[in-house]
Every structure is written in structure tokens, then in C-alpha cells.
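To keep things clear, I will list the structure first and then write my remarks on it.
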Amino acid sequence: MQGSRELWLAGLAVALITALYAGATALAGIPAASGFLGHSLGVVGFLLMLATETLYSLRKRAIRRPWGRMRDWLRFHIFTGIVGPYLVLLHSAWEFRGLAGVVTLLTMLIVVSGFTGRYIYTAVPRTADGIVLEAEALRAEVAALNAELESGDLNDADRQRLAHRSAAERRRRRLERQIGSLASARRMLSLWHSVHIPLGMALFVAAIIHAAGALYYATLLR
Amino acid sequence: MTRPLGCLTGAGLLAGLLTALTIGASAAFGGNALFSPGELNAVAGEAPVGGIDSHADRSQECGQCHAPIWGDQRMGDRCLACHQRVADELAVVSGFHYGYASAGNCRDCHTEHQGPQAALTLQEIVNYPHDRTRFMLLAHPPTGAGGAFRCMDCHPARLGEFSTDSCEGCHKQLDPAYTVQHLIDFGPGCLECHDGVDRYGVHFDHQNLVFPLEGVHLELRCSACHAGARDVPALQAAPARCFECHASDDIHSGRLGQVCESCHTPQTWEGATLDHRLTAFPLLGSHATADCLGCHVERQWSGIPRDCTGCHSQQDPHAGQFVRDCDACHSPTQWSDLHFDHQQSTYPLVGAHRKASCSGCHENGRYVGTPTACIACHAAEDEHDGRFGQDCSACHEPTTWDDVTFDHNLSRFPLTGAHRSTACLGCHKGGSFAGTPTACSACHAEPGIHRGVFGLQCGSCHSTSAWLPASWNGSHSFPMNHGGAGGQCSTCHPSSYGQYTCYGCHKHDPGDTEKKHREEGIGNLSACADCHAGGRGEGGDGGDDD
């Protein structure tokens, strides 16, 4: 449960947005993409998606001046990666024509790709800061855990230490599993990157052109 | 060197570049269709506008309608640049678009990019001042998508057109029977009478008109009263007076006039509630509960005589004796409730007459010509057997027979003295008054003391006050004051005035007198006066005979 908290929060946000959208629809019909509400959905959704990519990517590369834990940034990345595209979907007013339809389609593809990548990502062992651990480091950690588990210092009557022991055993099993699939996981992650990143770039370029077109035709302000 | 963003990979940059190129190529070769949110309307208008038949003719030229953001023009300005007719309407008060539309809000009502056949006007124009069409939408409020009414519900072809087929279509579904009949009655010109609000619209209430509907009128078809009406003036000219519609219903054949509501209500013809008090003949007494047809025979409601004999002539027990109407004596409550004032008649009732029954005097119902003379009624009661004539009132008061006011002093025998207090019958034996003798002796028998001496003229000596004292004024052969008798007759006449005695006086002691006269040889001592005439003594001097 702790590991998927961002999914629950995103689900909650989606539910809340859905309720508001349904209310607006009941009052005045489906918000047109060119209307104030429709445009707002699109703009906010686009900014969230932009944040999804840029902020997490920047944090990953800010090793010397880390701000926040990588795990939290990943959660933020997942949260905005769900809520942002959902707003963009609502902005479409359920019409998928022209460039706008392409943008919507790319958005949905990016979301699916992101979900896939999320599970590939977790198959690669990392430090708490998201640093990819190599096989040697994993084996060293496993050895250390083994030594801890086998030491006679463990007091079975001590519940705190017993819990710690259980956690250490789970960590050891996962590390051992990751060691077994480490090579394939890294290949999968690399492959995913080669698809996800161009897809994302295509989406941003298309979205920017779409926004530029909307601004040019100025139907919102005029 | 680490890239600031993970997406800036070669593949990523290439993908972005390819995307931009693809979009640019599509826009260049696809006529900007890539940016179109939908196809433009392709329905040709009535006439070309701005040189084109439909917007679709300019589908490749977005800038024809979409002004750039940095320009001065709005899209609405470009709409009006082509749609000159609308621009003209905006400037004319009577224009369809005047007052609510402008170049800044075309899109409030009009849309595009919804497809070649899609309407260019929204279905829900909630702010359009529809009352300017002289048909308000209070009964047909547009409430948006899914609401009660949309423009196209009534204007299926185009907004500027209207056919009452739209009215019929909906209203036949709402109320088929009424609508069909209404159309038969008034024809299809709905707008001639209906304006959606104040004229027979949703707020129309017949009850607020000069002719509120009541009773059976509520159930009638409109055309029953508004026959043939095809517009408002004709509807308002519907007859409002009962008789204008109900002349053929008049069972009175016009005899009661034309103001039906005087008696009838719109609820029903039956049970008319005429307020008879408002007529010339208010119903009083038994008339109030009498059956209407008792007087109004054969429903003859007018011309009924208002005098009593008009209805009651057959009931007249007086056999037409009276020339005055019944109500001169009878109240309308019942025949026996009389208010005849006998005192106002020629024979006011006084005394016992006031308590007498009518029939006591008016035998056999005879009133007119009833005699007023006492004897006419009281002949059988005349104790005088007619001796006093027939005018009882000369003596009797009408209270009782005993209440007599006869003035005896006016008779031949005025009552004086003790006669005044004597009972009438003391003299009038047997109740016989006339012919009663006036001589004293007729009533007073001569007493033995002077029988045969004075005759029967009692009054010569007696007064009517009392027998005594009596006074004798006639001749008396012997001095009446002899010996100081003082007129006391009984001194000398103790038993009869035909005889006398001298021994009534103590001076004339019988023994002494006999002794003296015997000495004188006088033996007859029974006739003293023969010798002592004048009461004188011996020798007749009588003065001093002792």
C-alpha cells in the first residue's frame, strides 16, 4: 500500500475532477474545448504533463544539489502523469479530430507507456535516491543481510528486532530476484526509453503547435 | 556531460523534429484542415453571402473567419463583414439581431465546425428576447440542452421561419382531444389569439376577464361561446349576456325578460334562486313557503296579479262582500291572522263587544251590511219586551246590561229623596219600566193610621225623603198646637187619624177627668171636642178647663 500511495492520490484526484466535470456537464452540457472551462482543462493538463517530464528529469540529474527524495519525485511524476493526461482528455470534449485528436491520442499512448515503464523501472534495483545498483553492490548487500540474519544476536523475544529481521529477509529475497533478472530488466528499460522518450517529444511538439494554432485563431479571447 | 532533461536524446529530438515536419507538411498540403476541430457547414444559404454559398467553401481559408490574435479584428467582425444583413439588423431597432447581438457575441448563438449538415445556430438561445416576435416564451421556456424547449422544436427549418404545424405537433400530443377540437373551432391561426403570455397563453385565466367562467360554463368548449372567432377582437366580442346565448333555452318564452341571472346561476337552470323580495311582490307569510307553481300556474312567471283576489278569489268565504282586498283584514301568514281594526270601521267595538266573537254579530259570514242598531242583535235579550223601544244605548252601556246610565230625572218621575236610593225593581216590579204609575199609592199602600182620612195624595203631607216627619197643611178642626203638642200628631191620634184621644196628654188623666165630668153630670166623655172645641175649657174655652 505504501508503495502505491501516489496511485491512490491520483485516483482520488481523478475521481474529484470527474465529479466536478460531471457537475459542469449536467449544468451546461459537455464543456467545449474552446470554452473557458475546456481551455482551462487543456492548459492545466498540459502544464502538469510538462511538469511530469521536466521536474522529475531535472531532479534525476541534480545529484550534486539534490532537492527532495527521488522516490517522492517519482511519486509526483506518476501523480501528474495520470492527472495531467486526464485533464487533457477532458479538454478534448470527446472529439478527436485533426491535430487536437492526434495530441489526445499521443497523450493516451504516453500514459500507457508510462505505466509500462513504471513496472520495468521497479525491476531495476536502486538506492533510496534512485541510483541504479550494480550486481556487485546487490550481492554485497545480500551478504551483509545474510550475516545479519544468521547472527546469534537476534533476540526472538524482541519484537522490534524481529520485524527488522523480517524486513531484511524480504529485502534479501527481492534483491536475489532482481539479481536473477537484472540484465533483462535493464535491457527492457533501455528499450522502453527508446520508445517513451520519442513519443513524449512528439507529443510535446504536437501539443505546442496545437496551442499555438489555438492562440493564433484566438477563439477564446475573441 | 549529463543532459538537463532526459528527453533530449537524439531519438527524442528526432521524434520532435519529425513531428513538427509532419504537422507542417499536413498543414501545407491539407489546407489547415489539421487545425480544424470539425468540418464546416456545407448547406447553401438562400443566396450567396460574401461570395460563397456556405462556409465549407472557405474550409481551406481559416483566416477568412479567424483573425489573428495580434490583429484588431474579432471573429465577429469578420462574420459581419460577410453577413451584411445581420450587420444591418444590428443597427435597426426592429432588426432581428438588434439589442442583444453584437460582433462580440456571435458565438453565443452560432456555432461552426460541427459538420457539413450541422445547424449554425445553437438549439438553446436562452437570452434571445423572444417577446419581440410578439410571442413570449413564458410557456415555452428554453432551458438548454435536454430542457423543455429548444429553438428547433418550434422552428425546425430555420429560426426565422415558423409554422403552426409546430404548435399542433406538440399540443396534439399533450391534449389530443382538446387540441383537435380547438383547431376545428378556431382554425390553425394560433398566433392570432395566442402570444405566449398575456393573450391566452400560460398565464391566461378566463377568471380574470369580464366574464369569469362558473358552473357549467367551465365545461363548455370555447367555441360554444366564441363561435367562429378567429382573432382576439372576435374572441373578446363573445356574448356576455345570458340571453345572447340562451335565448333558445328560455322555457319562459321571454315572459321574464332577458336577465336570466336574476334567478338562475351558471351551475344549473334548475333550482332558480329568485329573490322574490326584489320583485314587486315580496313573499310574506305563507307565500314564502308556497309552491312557485301555485301562483305561477303553468310557469306563467310574469303578469301574475298582485292583488289577493288574483289568486284567492275562489277561496273568498265572504262571497264578494268586500270591495277592499283581503289584506285589508287578513295577514299573509294565515287567513285567521287578522289585523282588521274594528275601531276604524263605522262601528267601533267598545265594552263587551270587544270580546264578542265575530260571528256573534256577523252571522253566517255576513260582514257588509251588518246592522248597527242594538236591537238588531239583542232583540232576544230585551227584557223590556220592546217597551223602551230599540235604542238600548239610551240606557245601557255596552259593557254589561247592568251598566245602565238612565237619567230618571229626565223622566216623568224624577227620583228624589228616598226614591234615589231605591232599587229600580223596587218600583219597576217585574222589570217593567214603561208605564210604571207615578202615584204614590201605586207603590205605597195607605197605612191604617190615616186610612180614609187623607186620601191618596201622600205628597200633601209627606216628602220623598222619609215618611216622617210629615206635615199636615190642610184644615184641622182642633188646634194642632194644643197643649204644646208641637204638631206631634200621635199625641192626639195614637192609633188613627180618624180618631183622637185627649188622654194622650198627662193633664187629661182619665180618672180625674171622669170624676170631674161626673160631678158635672156629663157622662159622655168620648167626644171631648164637641164640648171643648178649639181646646178650650168648659164652655168651650178649653184654655183653662181644669
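The values are calculated or read from the model by the stated rules, or taken from the named source; none is laboratory data. In this text the structure is predicted, and so the values were computed from the model without any measurement. Cβ placement follows ideal geometry from the backbone for every residue including glycine, while neighbour counts extend to all protein chains displayed.
Among the listed residues A:27, A:55, identify the single one that is under 24 Å from residue A:203 (Cα atoms), modelled with pLDDT under 90, within 12 Å of chain B (Cβ to nearest Cβ) and in a helix (DSSP H, G or I).
Numbers: A:27 fails: under 24 Å from residue A:203 (Cα atoms).
One residue alone meets the criteria, A:55.
Scanning segment B:355-402 for residues that are farther than 20 Å from residue B:321 by Cα, basic (Lys, Arg) and at pLDDT 80 or above turns up just one, B:355. Candidates in segment B:212-233 are the residues that are among the charged types (D, E, K, R) and surrounded by 11 or more Cβ atoms within 10 Å (Cβ to Cβ); of these, the one that is nearest to residue B:180 (Cα to Cα) is B:221.
Taking the criterion of being part of a helix (DSSP H, G or I), surrounded by 10 or more Cβ atoms within 10 Å (Cβ to Cβ) and among the basic types (Lys, Arg), would at least one residue in segment B:234-253 satisfy it?
Within segment B:234-253 (the criterion being part of a helix (DSSP H, G or I), surrounded by 10 or more Cβ atoms within 10 Å (Cβ to Cβ) and among the basic types (Lys, Arg)), the answer is no, since none of the residues qualifies.
Determine whether residue A:105 is modelled with pLDDT of 85 or more, exposed (fewer than 15 other Cβ atoms within 10 Å of the Cβ) and within 14 Å of chain B (Cβ to nearest Cβ). Answer is yes for this residue.
With segment B:418-531 as the region, which helices (runs of 4 or more DSSP H) entirely inside it contain at least 1 residues that are within 30 Å of residue B:405 (Cα to Cα)?
In segment B:418-531, B:424-427, B:440-443 are the helices (runs of 4 or more DSSP H) which contain 1 or more residues that are within 30 Å of residue B:405 (Cα to Cα).
Search segment B:6-25 for residues being assigned to a loop (DSSP other than H, G, I, E, B), under 10 Å from residue A:201 (Cβ atoms) and within 7 Å of chain A (Cβ to nearest Cβ), and hand back the single one that is modelled with the highest pLDDT.
B:9
Considering the conditions (1) surrounded by 19 or more Cβ atoms within 10 Å (Cβ to Cβ); (2) part of a loop (DSSP other than H, G, I, E, B); (3) at the interface with chain A (Cβ under 7 Å from one of its Cβ atoms), residue B:68 is excluded by exactly one of them, (1).
Are any of the residues in segment B:131-145 within 14 Å of chain A (Cβ to nearest Cβ), in a loop (DSSP other than H, G, I, E, B) and either touching a helix residue (DSSP H, G or I) at 6+ places or on another chain (Cβ under 9 Å) or touching a residue at least 40 places away in the same chain (Cβ under 8 Å) (or both)?
So far as segment B:131-145 goes, yes, one or more of its residues are within 14 Å of chain A (Cβ to nearest Cβ), in a loop (DSSP other than H, G, I, E, B) and either touching a helix residue (DSSP H, G or I) at 6+ places or on another chain (Cβ under 9 Å) or touching a residue at least 40 places away in the same chain (Cβ under 8 Å) (or both).
There is at least one residue in segment B:40-49 that is at pLDDT 85 or above, surrounded by 14 or more Cβ atoms within 10 Å (Cβ to Cβ), in contact with a Gly (Cβ under 8 Å, 6 or more places away or on another chain) and not hydrophobic (A, V, I, L, M, F, W, C). Would you please name the residue that is nearest to residue A:70 (Cα to Cα), looking only at residues in segment A:30-48 that are within 12 Å of another protein chain (Cβ to nearest Cβ) and among the aliphatic types (A, V, I, L, M)? So, considering only residues that are within 12 Å of another protein chain (Cβ to nearest Cβ) and among the aliphatic types (A, V, I, L, M), the one nearest to residue A:70 (Cα to Cα) is A:33.
Contact list please: Cβ distance under 9 Å, first residue in segment A:197-217 and at the interface with chain B (Cβ under 8 Å from one of its Cβ atoms), second residue part of a helix (DSSP H, G or I) and acidic (Asp, Glu), pairs at least six apart or on different chains. Partner pairs satisfying both residue conditions: A:200/A:53; A:204/A:53.
Just name the residue that is surrounded by the most Cβ atoms within 10 Å (Cβ to Cβ) out of those in segment B:325-362 that are within 24 Å of the chain's Cα centre (by Cα) and touching a residue at least 40 places away in the same chain (Cβ under 8 Å).
It comes out as B:332.
Restricting attention to segment B:99-130 and to residues that are without any contact (Cβ under 8 Å) to a residue 24 or more places away in the chain and in a loop (DSSP other than H, G, I, E, B), the residue that is surrounded by the fewest Cβ atoms within 10 Å (Cβ to Cβ) turns out to be B:126.
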